[in-house]
Amino acid sequence: MNRFRLTCSIVAAMAMNAAGWAAGTCGQTLVFDFSGAEPLPFGGEFIGVFTSEGHVVGGSIDIEFTTAGGFDAADLGLAFQLIDATHAVGFGFTGSSVGWSGQGTFTLQVPTENFNGLLHHEGNPWGGMLLEFSNLNPGNGPIQGTLGRAVYKIEFGTCPIGDITRDLSVNVDDLLAVINGWGPCPAAPAACPADVNDDQSVNVDDLLAVINHWQTWCPNCK
């Protein structure tokens, strides 16, 4: 099996496009874009890392594969996985399982709940990811073709109300953030994360918001 390892810089530039990475990713869509990646002729993996974590509430897959030579699209296998501190989640398919057969251009555009749940690195700076190619009939020769599109979108739900530190839980760290930020918010564009209710002041209302949502976590897990 061929195995290719992508460095962090290559992954960031080629395989991921996400705004506002933080300790917890809230209310955002993370896009992994492998469009144009060259299929590995007899199977193998592209390996990389990602930094976002949070509560995944949905996702979608958008694939376009165009065969070359005499390669049969039914014999292509493609799988994408995200690996955090405790488990791996992913979406995989074979050409035959989605009705691809013969030569030409083939597409797959589907929503998925396969990634739903909590992605959490447990204090590590990143989790792992891989895109795996499989040649289901290597006796007929290598995979030949082009991935015109290979886009995986991961949708994160909102963080818990009162989760000021974005660690995906409302706890003593958030309480201390309110106390340390007490008073009027600084003028824009300076951030004021402890202003839970967005009234431009860190006050007793923000303190109560933290207390009332104490130990809330994973509000969108299914």
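Structural remarks
- Segment Ala190-Ile161, extension gain: residue separation times 0.36 nm, minus the distance between their alpha carbons: 8.4 nm
- Across all directions, the average flat footprint of the convex hull enclosing the Cα atoms of segment 95-144 is 5.9 nm².
- Förster radius 35 Å - calculated FRET efficiency between Val110 and Leu176, Cβ distance, rounded to 0.05: 0.20
- Overall form of segment 160-222 per C-alpha gyration tensor (a/c, 1.5; a/b vs b/c): prolate
- Once you reduce segment 115-175 and segment 26-55 to the center of their Cα atoms, the two points are 8 Å from each other.
- Over the chain, DSSP H runs of length four or greater, each weighted -39,500 (n - 2.57), average out per residue to a 222 nm ellipticity of -2500 deg cm²/dmol.
- For the pair Ser97 and Glu38, a Förster radius of 25 Å applied to the C-beta separation gives a FRET efficiency near 0.65, rounded to the nearest 0.05.
Coordinate-derived values only; no laboratory data. On a predicted model such as this, the values are computed, not experimentally measured, just so you know. Here the Cβ is made from the backbone with ideal geometry for all residues, glycine too, and neighbour counts use every protein chain on show.
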